[in-house]
Amino acid sequence: MTERVAASGTVHWIGAGLSTGSGLAALCEDAGRIRLWHRTEERAAEALDRLGLAERAEPRAYTLDALTADLAPGDVVVSMLPAPEHAPLLAACVARRAHFACSSYVSDAVLQQVPGAVDAGLVVLTEAGLDPGVDHLFAHGLVARARAAIGDGTPASYRFTSYCGGIPAVPNDFRYRFSWAPLGVLNALRSPARYLEGGKETTAERPWEATRAHLLDGEAFEVYPNRDSVPFVEQYGLPAAWRAHTFVRGTLRLGGWRTAWEAVFEELKAGDDGRIAALAGELAKAHPTTDADRDRVVLAVSLEVGARNGTSWSGSYLLDLVGDEEESAMARCVSRPLALGVRHVLDGSLPTGLNRAAETEERSQEWLGELARDGLPFTLRVDSGPDGP
């Protein structure tokens, strides 16, 4: 394997949208130089002013060619762009021997670039935001605790759920607040969801039709599955001797969301791409986000394990954060974990090749501790059964 390219200390943060927040400011403490790339240099400068970073980072007008020309070996590229744009960015990084980081799921197109990154001695950090990101940290932490309590070889049954959502801090009639592009929200609802329920693999062609009630500390929410949960059974390291009764990763919404969105669902059933794009624009106009609005992020991950020998264990993590005048909750929850990951690219502690937010118990605990110190609070609850440790 090629020796790891030493980080140069220069970070190129690409995109200044809704998820760019105080994580960028935190990186200014660790990086030698920060360049913020946006659609125009003027828009990048406005974003830096808004974040109070005008004197600490350099604005740039983004094009792939302009960025590529500016890259030097050991630089770190942080992409806040839509997922389809990550593979071309990573290709440019490989060509210029720059490290790469993003908060998105690993796509097949990105995976194809990883061997080249390994040969070049580069770090590729992915799934290092909120969901995916902090949810992985929570999951690895719970699985490690449960394995220690139950034992890998002990036959057992478990229920695992991981739900995350950006919601309005003050409930509205629409039961939602757009924290990312409306078209992206609608298209996510059009994608089938695969998960485990009742010990069997299940697919919801229309994820919202699998919505169910979910209580957290007495507060009523609604949850539904999204994407493909099944590969995460292996990724989270659940023992082969344990049987999954439930394993689902999904989305959390305010109680009453499904009823409030019935008209939207009727449109989604028709499946016309042009109409869905128009609907996204209509929803953005009908439900605008103002400077006075406050968002709320809720991430709830839980694991319950019952062994045949009578031993039981359960644990849960809860992150529940409301935005303030300085920063939205979503921007904090996405940008802080991503900045933490970039910090570990800069200090050389991440290995070359593909890295997700956490793939070991040790890294999970380390990063959770750092995030807590960085101002991302969460709670952990653990209970054991009468025969448990």
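Output the number of the condition that residue 104 fails; it satisfies all remaining conditions of (1) more than 26 Å from residue 333 (Cα to Cα); (2) of a type in the set (Ser, Thr, Tyr); (3) part of a loop (DSSP other than H, G, I, E, B).
Going through (1) more than 26 Å from residue 333 (Cα to Cα); (2) of a type in the set (Ser, Thr, Tyr); (3) part of a loop (DSSP other than H, G, I, E, B) one by one, residue 104 breaks only (1).
Which residue out of 60, 39 is at pLDDT 95 or above and at negative phi? Working first, answer last.
On the way: 39 fails: at pLDDT 95 or above.
Answer to the selection: 60.
I'd like the full set of residues that are at pLDDT below 95, assigned to a loop (DSSP other than H, G, I, E, B) and either open to solvent by less than 10 Å² (accessible area, probe 1.4 Å) or touching a strand residue (DSSP E or B) at 6+ places or on another chain (Cβ under 9 Å) (or both), limited to segment 72-101.
Of everything in segment 72-101, those that are at pLDDT below 95, assigned to a loop (DSSP other than H, G, I, E, B) and either open to solvent by less than 10 Å² (accessible area, probe 1.4 Å) or touching a strand residue (DSSP E or B) at 6+ places or on another chain (Cβ under 9 Å) (or both) turn out to be 80, 81.
Just to be sure I understand, how many residues within segment 1-35 are assigned to a strand (DSSP E or B) and in contact (Cβ under 8 Å) with a residue 40 or more places away in the chain?
Of segment 1-35, the ones assigned to a strand (DSSP E or B) are 10-14, 33-35.
If we keep only those that are in contact (Cβ under 8 Å) with a residue 40 or more places away in the chain as well, we get 10-14.
The qualifying residues number 5.
Checking the condition open to solvent by 20 Å² or more (accessible area, probe 1.4 Å), part of a helix (DSSP H, G or I) and under 30 Å from residue 7 (Cα atoms), which residue from 111, 183 passes?
111
Inspect segment 284-291 for any residue being aliphatic (A, V, I, L, M) and either open to solvent by less than 30 Å² (accessible area, probe 1.4 Å) or under 22 Å from residue 250 (Cα atoms) (or both) and give the result as yes or no.
No, segment 284-291 contains no residue that is aliphatic (A, V, I, L, M) and either open to solvent by less than 30 Å² (accessible area, probe 1.4 Å) or under 22 Å from residue 250 (Cα atoms) (or both).
Would you call residue 7 surrounded by fewer than 16 Cβ atoms within 10 Å (Cβ to Cβ), at pLDDT 95 or above, touching a helix residue (DSSP H, G or I) at 6+ places or on another chain (Cβ under 8 Å) and not hydroxyl-bearing (Ser, Thr, Tyr)? Break it down into steps so the answer makes sense when it comes.
Values: surrounded by fewer than 16 Cβ atoms within 10 Å (Cβ to Cβ): no; at pLDDT 95 or above: yes; touching a helix residue (DSSP H, G or I) at 6+ places or on another chain (Cβ under 8 Å): yes; not hydroxyl-bearing (Ser, Thr, Tyr): yes.
No, not satisfied.
From the list 196, 238, which residue is touching a residue at least 40 places away in the same chain (Cβ under 8 Å), touching a helix residue (DSSP H, G or I) at 6+ places or on another chain (Cβ under 7 Å) and not in a helix (DSSP H, G or I)?
Values: 196 fails: touching a helix residue (DSSP H, G or I) at 6+ places or on another chain (Cβ under 7 Å).
The conditions single out 238.
Filter segment 294-329 down to the residues that are of a type in the set (Asp, Glu), open to solvent by 60 Å² or more (accessible area, probe 1.4 Å) and not in a strand (DSSP E or B) and list them by number. Spell out how you get there, then give the answer.
Taking segment 294-329 as the starting set, the residues that turn out to be of a type in the set (Asp, Glu) are 295, 304, 320, 324-327.
Filter again for open to solvent by 60 Å² or more (accessible area, probe 1.4 Å), leaving 304, 320, 324-326.
Once the filter is applied, which keeps residues that are of a type in the set (Asp, Glu), open to solvent by 60 Å² or more (accessible area, probe 1.4 Å) and not in a strand (DSSP E or B), segment 294-329 yields 324, 325, 326.
The values are calculated or read from the model by the stated rules, or taken from the named source; none is laboratory data. Being a predicted model, the structure only gives us computed values, none of them experimental. Positions of Cβ are backbone-derived with ideal geometry, glycine not excepted, and every protein chain shown enters the neighbour counts. Accessible surface areas use protein heavy atoms only, side chains included; no ligands, DNA or RNA. Shrake-Rupley method; radii C 1.70, N 1.55, O 1.52, S 1.80 Å.
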